[in-house]
Every structure is written in structure tokens, then in C-alpha cells.
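Novice: Handing you this structure, nothing more for now.
The values are calculated or read from the model by the stated rules, or taken from the named source; none is laboratory data. These numbers come from a predicted model, not from an experiment. When we count neighbours, we look across all protein chains shown, and the Cβ atoms used for this are built from the backbone with ideal geometry, even at glycine. Side chains included, ligands, DNA and RNA excluded: accessible areas come from the protein's heavy atoms. Shrake-Rupley method; radii C 1.70, N 1.55, O 1.52, S 1.80 Å.
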Amino acid sequence: YGGASQITDVVYRGRGIYSLLDRKRGRVFTYDHEGNLLYIFGGIGTQEGTFNVPSAIEQWGDRLLVLDSGRAEIYIFSATEYGTLINEAVGLRFDGDEALAVDLWKRVLELDENNELANSGIGKAYLSAGDNKMAMKYLKLGMNQEYYSVAFKRYRSEFLKEYLVYGLTAVIAVPVAVWLIRMIRDRKEWRRKGGTGK
């Protein structure tokens, strides 16, 4: 298929999740409230789960209905375990319960260890909890440059606050120590040459 998609319908599914129906390729694209692509299914074809002329999409409970005007049929789709975990994790994040979403994202990673969205979700939860080092780890795996930068800046600030005292102490203590060592060495040299030491 050449050219851009032809979005023919959209359905809001709640908790920041919405699905778009692409008439040209017969695909259903699902996004979260931040515009992250969650998953894609469907296609044009003759096998089960594909369409001839997809025309409309609607939600019915926890299922999606797709009208195929070319075949005059309505297809009913239920989420797989993978899709359900993603939907629930995204919903928890939308509700502000990022800590609760972490367990679901980890289960998503058990099914697909390369899922960038799950790694990014875990990273965002650690970032909200103030664990910037762990946030950096997961955000890097999730290829999330925007939030990785935030975590890195916070981690750098923490690091500097923690070790700046030691650095400043060293900056002051080293010259004082060098001065004392030279003074002691000079005094010993003076005594050796016959000085009284007073």
C-alpha cells in the first residue's frame, strides 16, 4: 500500500486510550493519552481478523466492534492477555497510579522483553518515586529520550549534592596538607643544619 493512511473512524475507549481505524490498510491503531502507539491489529485480506472495506469502529464493553461494509459484517475483537495488561497499565498511569502499573508493565516484559512502552512505563514510575538511577536504566531501555534527560538531570543534581561536600573538602584540605608537609619538612631541614627549633 502506497501513500498515507485513511483514518475513517476513531473511538475513545476510556482512561486516555483511543483506537483509530485505517480504511486503506484495514488496521486498528491504539494509542494512549500521550500519543504513544500501544498496539496494531487487523489488515486487508481474506483470513480471519482481516477486512475487506473497514468503515467504522465502536467499543462494546471491553470489546471492539469493526464494521466491514465490503462484506456487510461486524467483527468483534477481545483483547489478548498482552493487550489487556497494556490497557490496564496505561489506565493506571492515566489515573495517576504509576506504582501500581509497574507490576503490570513487568508482566508485559515477561511476554515481550523488548517492549519499549513497558520499559518506559517502569522508568516513569521510578522517576515519580524519586529513584532516578533506576529510572535512567528503564528509560534507556525504553528509548525514551525526553524522560531519560529529566532523570539524568535529577540524578546528576543528587550526585553533585552528595559528593560536592567531599570535593570542596578536598579542594581545601589538599593545599593545607601540602603546606603543612612543606612546613614540617623545612623545619626538619633547619634543625638538621644547626637551628635551635625555637
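Novice: Based on what the data block shows, is Lys106 open to solvent by less than 100 Å² (accessible area, probe 1.4 Å), without any contact (Cβ under 8 Å) to a residue 24 or more places away in the chain and of a type in the set (Lys, Arg)?
Specialist: yes
Novice: For segment 40-85, which residues satisfy the criterion of being closer than 21 Å to Gly142 by Cβ and either touching a helix residue (DSSP H, G or I) at 6+ places or on another chain (Cβ under 6 Å) or in a loop (DSSP other than H, G, I, E, B) (or both)?
Specialist: Tyr82, Leu85
Novice: Go through Lys161, Lys188, Lys153 for me and flag whichever is over 13 Å from Lys124 (Cβ atoms), among the basic types (Lys, Arg) and under 21 Å from the mean Cα position of the chain (by Cα).
Specialist: Lys153
Novice: Using the structure shown, decide if Lys140 is charged (D, E, K, R), modelled with pLDDT of 95 or more and in contact with a helix residue (DSSP H, G or I) (Cβ under 8 Å, 6 or more places away or on another chain).
Specialist: yes
Novice: Looking at Ala79, Ala89, Ala72 in this structure, which one is free of Cβ contacts under 8 Å to residues at least 24 places away in the same chain and within 30 Å of Ala129 (Cβ to Cβ)?
Specialist: After ruling out the rest, the residue left standing is Ala79.
Novice: State whether one or more residues within segment 108-119 are at pLDDT below 95, small (Gly, Ala, Ser), in contact with a Lys or Arg (Cβ under 8 Å, 6 or more places away or on another chain) and closer than 23 Å to Ile40 by Cβ.
Specialist: no
Novice: Could you please let me know if Met143 is part of a loop (DSSP other than H, G, I, E, B) and either of a type outside the set (S, T, N, Q) or within 12 Å of the chain's Cα centre (by Cα) (or both)?
Specialist: Here the answer is yes, as Met143 does meet what is asked.
Novice: Please find, within segment 1-11, the residue that is surrounded by the most Cβ atoms within 10 Å (Cβ to Cβ) out of those that are in contact with a strand residue (DSSP E or B) (Cβ under 7 Å, 6 or more places away or on another chain) and free of Cβ contacts under 8 Å to residues at least 40 places away in the same chain.
Specialist: So, considering only residues that are in contact with a strand residue (DSSP E or B) (Cβ under 7 Å, 6 or more places away or on another chain) and free of Cβ contacts under 8 Å to residues at least 40 places away in the same chain, the one surrounded by the most Cβ atoms within 10 Å (Cβ to Cβ) is Ser5.
Novice: A follow-up question, please. Give the residues of segment 172-194 that are open to solvent by 100 Å² or more (accessible area, probe 1.4 Å) and not in a loop (DSSP other than H, G, I, E, B), sorted by residue number.
Specialist: Ile172, Trp179, Ile181, Arg182, Arg185, Arg187, Lys188, Trp190, Arg191, Arg192
Novice: Would you confirm whether any residue within segment 1-15 is closer than 30 Å to Leu141 by Cα, at pLDDT 95 or above and of a type in the set (Val, Ile, Thr)?
Specialist: No, there is no match, as no residue in segment 1-15 is closer than 30 Å to Leu141 by Cα, at pLDDT 95 or above and of a type in the set (Val, Ile, Thr).
Table: residues versus (1) in contact (Cβ under 8 Å) with a residue 24 or more places away in the chain; (2) open to solvent by 90 Å² or more (accessible area, probe 1.4 Å); (3) within 24 Å of Phe29 (Cβ to Cβ); (4) in contact with a strand residue (DSSP E or B) (Cβ under 8 Å, 6 or more places away or on another chain).
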{"position": "Leu117", "(1), (2), (3), (4)": "yes, no, yes, yes"}
{"position": "Gly123", "(1), (2), (3), (4)": "yes, no, yes, no"}
{"position": "Asp131", "(1), (2), (3), (4)": "no, no, no, no"}
{"position": "Ser157", "(1), (2), (3), (4)": "no, no, no, no"}
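Novice: Taking only segment 17-39 into account, find how many residues are among the basic types (Lys, Arg), in a loop (DSSP other than H, G, I, E, B) and in contact with a Gly (Cβ under 7 Å, 6 or more places away or on another chain).
Specialist: So the count comes out to 1.
Novice: For the subset of segment 18-53 comprising residues that are of a type in the set (Val, Ile, Thr) and either closer than 18 Å to Ile76 by Cβ or surrounded by fewer than 16 Cβ atoms within 10 Å (Cβ to Cβ) (or both), which member is nearest to the chain's Cα centre (by Cα)?
Specialist: Keep residues of segment 18-53 that are of a type in the set (Val, Ile, Thr), which gives 28, 30, 40, 44, 46, 50, 53.
Restricting the remaining residues to those that are either closer than 18 Å to Ile76 by Cβ or surrounded by fewer than 16 Cβ atoms within 10 Å (Cβ to Cβ) (or both) gives 28, 30, 40, 46, 50, 53.
Working: Val28: 23, Thr30: 17, Ile40: 19, Thr46: 37, Thr50: 31, Val53: 36 Å.
Looking at residues that are of a type in the set (Val, Ile, Thr) and either closer than 18 Å to Ile76 by Cβ or surrounded by fewer than 16 Cβ atoms within 10 Å (Cβ to Cβ) (or both), I get Thr30.
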